[in-house]
Amino acid sequence: MWALLKKNAFFFLLLTILFQALIFIPLHVSRLQSENPLELNYIFYTAQFIFWAVFLGVWVNEQTESKDNGYAFLKTIPARDRQIVFSKYVPAFLTVVANVLFLFIKNARLSPGTPYGGLVLNYLSLIGGVSLLLVAPAYLVIFGLGFSRVYKFLIGFWVFIIVFPILYREIVIPKTGGTLEEVVRGLSGIPWFYSALACTVLFWASFPLAVRLKHRIHG
Amino acid sequence: MDNICTIKNLRKEYKEFVLEDVSLDLPRGYITGLIGPNGAGKTTTIKLIMNLIQADGGRILVNGLDPTVEDIKVKNIIGYVGEEQYFYQIRSARWTGRFVSRFFDGWDNNMYLSLLERFGLPPKKMIRKYSKGMKVKLALAISLSHSPDFVILDEPTSGLDPVVRRDVMDYLKNYSVEQNKSVLISSHITDDIARTADYVAFMIRGKIELFAAKDDLLSNWKKIHFTPKALDATMAATLERVENHMFGSVGYTRRYTEIQDSLSGPKAEGKVKVENMGLDDILIFLAGRH
């Protein structure tokens, strides 16, 4: 189990570090230099990096597994399907948790003494939870149909998630007459603990199904 | 006889191929060769033993355990080298050894490292830089390092050069003899089987056509050349098949030791010539019956 976890965590960790280094640091530095470091607009955009990091981790990991016929290899050694799926779920889960915590700590540092702390945590927790809820079905289709059959769909989905916030801000918000801040405040209405708990439970509830699907396709 | 693997009425159906009612008992402590033309069902049978695919009928027991129920236990008993070698390509042999060691109960890392050395495999080199022969040797090193009771090799030597082939087959022979381990080797290269196997199973079009001890096969299967009119009706009746040619007849027998006496003596002198049949001759004979 530990061997599988280490192997799978590698790409997630690598991508998270890369994201932080290549995207976050320049962004954070520019924010720190501005007069008003913490804007809800900024939170709105950076929160989606949680999804980017975890989904790209899933994608790169599965692509490597598929390229190396990793599942075929694992099937020839005494590795249980449950262990294999668990070793995929855990890094994805930890990536989300780590990114939520990192963003929260960083944003809290950007705005010491502001009333944004609770709002930011609620919002990040919700986005983190939604990321988990999107990763779970991604794993279900990967285990149910095989990565080679669904990877194009997954790329399309990932691109959609990247583009969606921009489209939402440029098209949907102006039409509804609201502001981005209102949206963020509205989504932050759910206390972080509830969204985190609900999404975590739902994410792990999909685990037995993923094991069954994995067994069915590779068994 | 004690069997390491028992296969009963095994069935697997594909669109254009059916593995039909395969029954086979693989004796413990011996090397069994599974011979057949390409597409005969050898790999399918092995994949079913390994529980890599699911059967449509029949039953397999490995050391008394059903692989579909006791998958993990069975894989701890078996050392498997597949037709294709799958590894994490960007990893090294050393990493791969460490990785798989977590799954096998009886993993012996010293043995693994000594096998890497014996096979001339650089432990730190990325596996994608290995040649095909090196990958086969790596698969063999992994399959043997947990001292499995039952080693299964699916076409391990196809595509290998003769030196590597000989090295691999000799190692297996020693492994079986010295440690009383059972080995199943599937191959269409009959030379490899002839050199190493104790028992041979011939598989043709999804069926086991013949299973016997190799020495019995080689001493009983003969090709007999008769001069014109030398083959009488009584003798012809004991033969598997007779082919008549311009210069005489050719008969095939699988019971040579039984009919040997009737083929010798002054009556047969100069009229009968007995030719040994190799495993490939027997395979061609059996395949030709279909």
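General remarks:
- Entry note, chain A: relative contact order of 31 percent, from Cα contacts under 8 Å with a spacing of 6+ residues.
- For the peptides B:129-142, A:184-197, residues were scored by their other Cβ atoms within 10 Å and the scores averaged per peptide; the highest-first order is B:129-142, A:184-197.
- Across B:A213, B:A236, B:A40, mean-square fluctuation computed from a Gaussian network of chain B (C-alpha pairs under 10 Å connected) peaks at B:A236.
- Cα shape, segment B:138-290, gyration tensor, a/c 1.5 rule: prolate
- Placing pseudo-labels 7 Å out from each Cα toward the beta carbon at A:E181 and A:V90 gives an inter-label distance of 4.4 nm.
- Global size of the protein assembly as shown as Cα Rg and Dmax, reported in angstrom: 31.9, 117
- Value of [θ]222 nm, deg cm²/dmol, for chain A, DSSP H segments ≥ 4, -39500 (n - 2.57) each, nearest 500: -27500 deg cm²/dmol
- Inter-chain Cβ neighbour average for residues A:76-85, partner chain, 10 Å: 6
- Distance-filtered residues of segment A:38-63 - backbone nitrogen under 19 Å, label point 7 angstrom along A:F160 Cα→Cβ: A:48-60
- Residue-wise HN-Hα couplings along segment B:208-219, as the Karplus relation 6.51 cos²θ - 1.76 cosθ + 1.60 with θ = phi - 60° gives them from phi, are 7, 8, 7, 9, 7, 5, 4, 4, 4, 4, 5, 8 Hz; Gly and Pro carry x.
- Remark on B:L153: its backbone amide H falls under 5 Å from those of B:V81, B:L184, B:I185, B:S186, a criterion applied only to residues 5 or more positions apart or on other chains, H modelled at 1.01 Å from N.
- Most mobile listed residue (B:S186, B:S101, B:S176) in chain B, GNM with C-alpha springs under 10 Å: B:S101
- Once the Cα atoms are used to define both axes, helix A:207-218 deviates from the longest principal axis of chain A by about 40 degrees.
- For segment B:79-89, 3J(HN,Hα) per residue [Karplus equation, 6.51 cos²θ - 1.76 cosθ + 1.60, θ = phi - 60°, Hz, x = Gly/Pro]: x, 10, 10, x, 5, 10, 9, 10, 9, 7, 5
- At an R0 of 25 angstrom, the distance between the Cβ atoms of B:T238 and B:R195 translates into a FRET efficiency of 0.20.
- Helical mean residue ellipticity (222 nm; -39500 (n - 2.57) per DSSP H run of 4+; nearest 500) of chain B: -9500 deg cm²/dmol
- Taking segment B:3-212 and dividing mean pair separation by its residue count, relative contact order in percent (alpha carbons under 8 Å, at least six apart): 32 percent
- Cα gyration tensor shape for segment A:48-174, rounded if a/c is under 1.5, else prolate or oblate: oblate
- For chain A, a Gaussian network of Cα nodes joined below 10 Å ranks A:K152, A:K175, A:K67 by mean-square fluctuation, and the top entry is A:K175.
- Counts of other chain beta carbons within 10 angstrom of each beta carbon in peptide B:137-145 average 1.
- Cα shape, segment B:23-73, gyration tensor, a/c 1.5 rule: oblate
- In order through segment B:247-253: 3J(HN,Hα) via Karplus (6.51 cos²θ - 1.76 cosθ + 1.60), integer Hz, x for Gly, Pro: 9, x, 10, 10, x, 10, 10
- Between the Cα long axis of helix B:279-288 and the first principal axis of chain B there is an angle of about 70°, rounded to the nearest 10.
- Ranked by how many other beta carbons lie within 10 Å on average, peptides B:24-37, A:9-22 from highest: B:24-37, A:9-22
- At q = 0.10 Å⁻¹, base-10 log of I(q)/I(0) for chain A (Debye sum, equal scatterers on each alpha carbon): -0.48
- Shielding score for A:68-75, defined as the mean number of other chain Cβ atoms within 10 Å: 6
- Point-to-point label distance, A:L133-A:L197, nm (Cα→Cβ direction, 7 Å offset): 1.6 nm
- A crude spin-label estimate for the pair B:E275 and B:S131, with each label 7 Å from Cα along the Cβ direction, gives 3.6 nm.
- Interchain or long-range residues, amide H under 5 Å from B:S23's placed H: B:N9, B:L10, B:I208
- Total lysine pairs under 17 Å (Cα atoms) in segment A:2-218, excluding pairs fewer than 8 apart on one chain: 10
Where a number appears in this text, it was derived from the coordinates with a stated rule and is not lab data. Keep in mind that what you see is a predicted model, and the values were worked out from it rather than measured. Don't worry about glycine lacking a Cβ; one is built from the backbone with ideal geometry, like all the others, and counts go over all protein chains shown.
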